[in-house]
1. Tell me, what is the FRET efficiency for residue 369 and residue 92 to the nearest 0.05, using R0 = 45 angstrom and their Cβ-Cβ distance as r?
2. How large is Rg/Rh for the chain, to two decimals, with Cα atoms and a Kirkwood Rh?
3. Report the full-extension gain for the segment residue 441 to residue 158: residue separation times 0.36 nm, less the Cα-Cα distance, to one decimal in nm.
4. So, by mean Cβ neighbours within 10 angstrom, what's the order for 237-247, 416-426 with the highest one leading?
5. Find how much the distance from residue 67 to residue 416 grows on full extension, using 0.36 nm per residue of separation minus their present alpha carbon separation; answer in nm with one decimal.
6. Any chance you could check the Cα centroid distance between region 36-51 and region 163-179 for me, in angstrom?
7. Can you grab the distance from the C-alpha centre of region 142-156 to the C-alpha centre of region 326-397, Å, no decimals?
8. For a protection proxy built on the mean count of beta-carbon atoms within 10 angstrom, sort 9-22, 112-125, 267-280, 68-81 highest first, please.
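None of the figures in this text is laboratory data; all of them are computed from the coordinates on show. As the structure is a computational prediction, the values presented were derived from the model and not from experiment. Positions of Cβ are backbone-derived with ideal geometry, glycine not excepted, and every protein chain shown enters the neighbour counts.
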């Protein structure tokens, strides 16, 4: 179908929030012929060419809503105040988030793309990338992105310019902020949507965990007959989320009680992944930890639903190397495997990564605390921990956490942390940088922290 088969349904649009995704949405609308206004509190915000600037005021001015038929919100903008302004000053205007806008426009030009929508507090980037890899192995030519990597609006702009062929499927990571403004997507009947887990996060934006979880559950709204909803049977919020799955869709719970429920076979990281009558050797997956075995079950269940063969799924699992800074095996030195998990910036991520880990480990943790309760780390250290090396502003706090549970040391640099961890570790152990904190005391971001750790490990000299 031609990219120009359907006219743009809006003439005048206001894009609120001119971060990366807001700019892409504005540029997309300009490209399609709309008159676009752009608002941001920052008076120096960058605007795409052709966008009328409305910058510097604390809230969007009333005049910016005049004669609008579309309002687009960037993910960082809380939607309720904008909805109230729009209801008063532009009551007939449609309201979309950037991803919601792009999905609707994509469907108008290339309708019926099989789609997988992925959300969860932890693991959604890894699962999105893995699903993309499985769809690729199955020949479905996916676009993989959204909250992960390239915004969908940016990909659609390139499609409309003829810069790439249309995708055969979509694998889209969705944050809770994006789901707040996700209008009911026109999802193909074979589509799937999932909530991997719900743990405390963004409670500065949501009234409580119940409302946060309900926002995650919005991901199921577009599923219809033939659609697949995936939940974790062990997650405490799954009972509430079941009620948000449309009656027409099929609900499957990973780790459920049914004989055909997808599940991990074996202790620790597992020995096999079972999906109905299918079995996948756990050794195919290069990602450590039981949580990644569960992530793989979500991915395989979605890919099989979209028609990817069992053989292609197995090949995709074997080829997937993971994402940077997420439990990446950096190197084996003297029988000790060093893992970079710098992306684990909260306790829930570290708990997920270490639960079911298959060998003793020395944990390198610390940084700038985010207010998380650290106590869930103590039983994990007691079960498999060899030692803890504490770094950053919170080194004293982590030392106190480990005291009486495992040996510990404090380090004043990443180089020292790596050496102290190596001293504690024994052949066959792991050393894991999984900080449970932000990086902003020593580093610009988690990526730089992981890169410095990786460099120190790669520069180590083996002794045997």
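1. 0.45
2. Reported Rg/Rh (Cα atoms, Kirkwood Rh): 0.99.
3. Roughly 98.0 nm would be gained on extension.
4. Listed from highest to lowest mean packing, they are 416-426, 237-247.
5. Once the chain is fully extended between residue 67 and residue 416, it gains 119.5 nm.
6. Comparing the Cα centres of region 36-51 and region 163-179, I get a distance of 24 Å.
7. Cα centroid of region 142-156 versus Cα centroid of region 326-397: 31 Å apart.
8. With the highest mean Cβ count within 10 Å placed first, the list reads 112-125, 9-22, 68-81, 267-280.
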